[in-house]
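A.B. asks: The structure's right below; bear with me while I get my questions together.
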Amino acid sequence: MKEEQINKAYANAKEHYAALGIDVDKAIEKLNEIPISIHCWQADDVSGFENPEGELTGGIQATGNYPGKARTIEELRKDIEKVLSLVPGKHRLSLHAIYGDFGGEFVDRDQIEPKHFQSWIDWAKKLGIKLDFNSTFFSHPKADNGYTLSDFNPEIRNFWKEHLRRCRRIAAEIGRQQGDPCIHNIWIPDGEKDKTVSRLAHRQLLKESLDEVLSEKISTDYLKDTVECKLFGIGSESYVVGSHEFYMGYAVKNNMMLTLDAGHFHPTEVISDKISSMLLFVPEINLHVSRPERWDSDHVVILNDELLALSQEIVRSGNRDRVHVGLDYFDASINRIGAYAVGIRSTQKALLQALLEPTDKLRSFEPENKNFQRMAYLEELKAMPWNAVYNYYCHKQGVPVGDEYIREIERYEDEVTSKRK
């Protein structure tokens, strides 16, 4: 798209939005202040670098075998750098514990240290991005019976408690060195495939395990812990220990962040409606934006109604600084760089539409019961030229505009990923 076309379309969009009292330039500024925490595991199908075979177990499954997955830290970093060149804004990268730089040696989960992630910290500093972190409680022999922190066997629990301790310290060191708190996400796959009798007992053990590990106080200047709930997973269709009710209660009681994943609830249940409630009771919310199809299948995020509703709730709440946006999907059936680009750009487009909404005007209708006017404006907004604003934003940031990123990804595939065997 030519610069003249971009600028002309933007000027026209500014005029349309100005009629609604919206400053488009300010909306772009606000969008540019919202980093998206990009998940490292889309690039290699959640394989990591702990186990050369990279087999997934414990409720995690990437489907498809599209050629060109990242096989080494160097390849993964190169892919992420390419992704960052295709999207506007400054973002974060979310790491799992299995992505450590282990130098070709096996380091068990209860032995990992900050030194295994120092090269990631140095790399991120060079790129000018921040890092987030995730404990990894799946794909390990000590998780094969379906339980980790809530296992009846104290030896199993102790192993995973030590893993969690070390992950918190690694995340804290990341936060210290980057001068910005590292969000550390805690999700466990614990549960059972069929009917479970000892539900309360397992949940008591999970609470005790978390209480013990989280009793080690670390400054929130460096570390922000968050707990993530789930309805069910592969192999835990009947019972998941860390349910929404469990972690909602735990987060509220301990005044800590709660993670809401778009795919971790009933098929007809959406997390956009939960944001306003949880903001009343927890200090911050962490979002894992994915796209469930039938179940928690972690499809690539697209610009659909729920993504827009999520973005609207973030903006309408007036608490953008308390809601952290991260992506969590892994599709191995299509070009992985393309999956990243589509998901990130779609998320930004949804956020931009929310920022271009005359929220005060819409809200003013409600006390006067002007529901027709509210509905009419919301419908008119759907046809507003928001995409011209996003194209202008991309152009000013020096990244591909419109469908140009598709050709960039095709070139990268021809020159880089297609050469990987």
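A.B. asks: Within the stretch 262-281, how many residues are surrounded by 20 or more Cβ atoms within 10 Å (Cβ to Cβ) and either of a type in the set (A, V, I, L, M) or touching a Phe, Trp or Tyr at 6+ places or on another chain (Cβ under 8 Å) (or both)?
C.D. replies: Adding up the residues that qualify gives 4.
A.B. asks: A further question on this structure: Collect the residues in the stretch 182-197 that are in contact (Cβ under 8 Å) with a residue 24 or more places away in the chain and either within 18 Å of HIS244 (Cβ to Cβ) or surrounded by fewer than 20 Cβ atoms within 10 Å (Cβ to Cβ) (or both), keeping them in residue-number order.
C.D. replies: Listed by number, the residues that qualify are ASN185, ILE186, TRP187, ILE188, PRO189, ASP190, GLY191, GLU192, LYS193, ASP194, LYS195, THR196.
A.B. asks: Name the residues in the stretch 90-131 that are of a type in the set (Phe, Trp, Tyr), within 22 Å of ALA143 (Cα to Cα) and at pLDDT 95 or above, would you?
C.D. replies: Once the filter is applied, which keeps residues that are of a type in the set (Phe, Trp, Tyr), within 22 Å of ALA143 (Cα to Cα) and at pLDDT 95 or above, the stretch 90-131 yields TYR99, PHE102.
A.B. asks: I'd like to check something: does the stretch 27-35 contain any residue that is part of a loop (DSSP other than H, G, I, E, B), under 30 Å from MET384 (Cβ atoms), modelled with pLDDT under 95 and not aliphatic (A, V, I, L, M)?
C.D. replies: Among the residues of the stretch 27-35, not one is part of a loop (DSSP other than H, G, I, E, B), under 30 Å from MET384 (Cβ atoms), modelled with pLDDT under 95 and not aliphatic (A, V, I, L, M), which makes the answer no.
A.B. asks: Is it true that LEU95 is within 26 Å of VAL325 (Cβ to Cβ), in contact with a helix residue (DSSP H, G or I) (Cβ under 6 Å, 6 or more places away or on another chain) and assigned to a loop (DSSP other than H, G, I, E, B)?
C.D. replies: No, not satisfied.
A.B. asks: Condition check: surrounded by 16 or more Cβ atoms within 10 Å (Cβ to Cβ) and modelled with pLDDT under 95. Does GLY58 satisfy that?
C.D. replies: Judged against the criteria, GLY58 is a match.
A.B. asks: Could I ask something else about it? Hey, could you check the stretch 251-261 for residues that are hydrophobic (A, V, I, L, M, F, W, C) and surrounded by 21 or more Cβ atoms within 10 Å (Cβ to Cβ) and say which is nearest to the chain's Cα centre (by Cα)?
C.D. replies: Taking the candidates together, the pick is LEU260.
A.B. asks: Is it true that GLU306 is farther than 26 Å from LYS69 by Cβ, acidic (Asp, Glu) and not in a helix (DSSP H, G or I)?
C.D. replies: Taking the combined requirement at face value, the residue does not satisfy it.
A.B. asks: Do you know which residues across the stretch 373-421 are among the hydrophobic types (A, V, I, L, M, F, W, C), over 17 Å from GLU357 (Cα atoms) and either out of contact with any Ser or Thr (no Cβ under 7 Å at 6 or more places or on another chain) or in a helix (DSSP H, G or I) (or both)?
C.D. replies: We begin by selecting, within the stretch 373-421, every residue among the hydrophobic types (A, V, I, L, M, F, W, C); these are 375-376, 378, 381, 383-384, 386, 388-389, 394, 399, 401, 406, 409, 416.
Those left that are additionally over 17 Å from GLU357 (Cα atoms): 394, 399, 401, 406, 409, 416.
Result: CYS394, VAL401, ILE406, ILE409, VAL416.
A.B. asks: In addition: Being among the polar types (S, T, N, Q) and farther than 13 Å from ASP296 by Cα is the filter here, so list the residues in the stretch 249-271 that pass it.
C.D. replies: Hits for the stretch 249-271 are ASN254, ASN255, THR259.
The values are calculated or read from the model by the stated rules, or taken from the named source; none is laboratory data. On a predicted model such as this, the values are computed, not experimentally measured, just so you know. Here the Cβ is made from the backbone with ideal geometry for all residues, glycine too, and neighbour counts use every protein chain on show.
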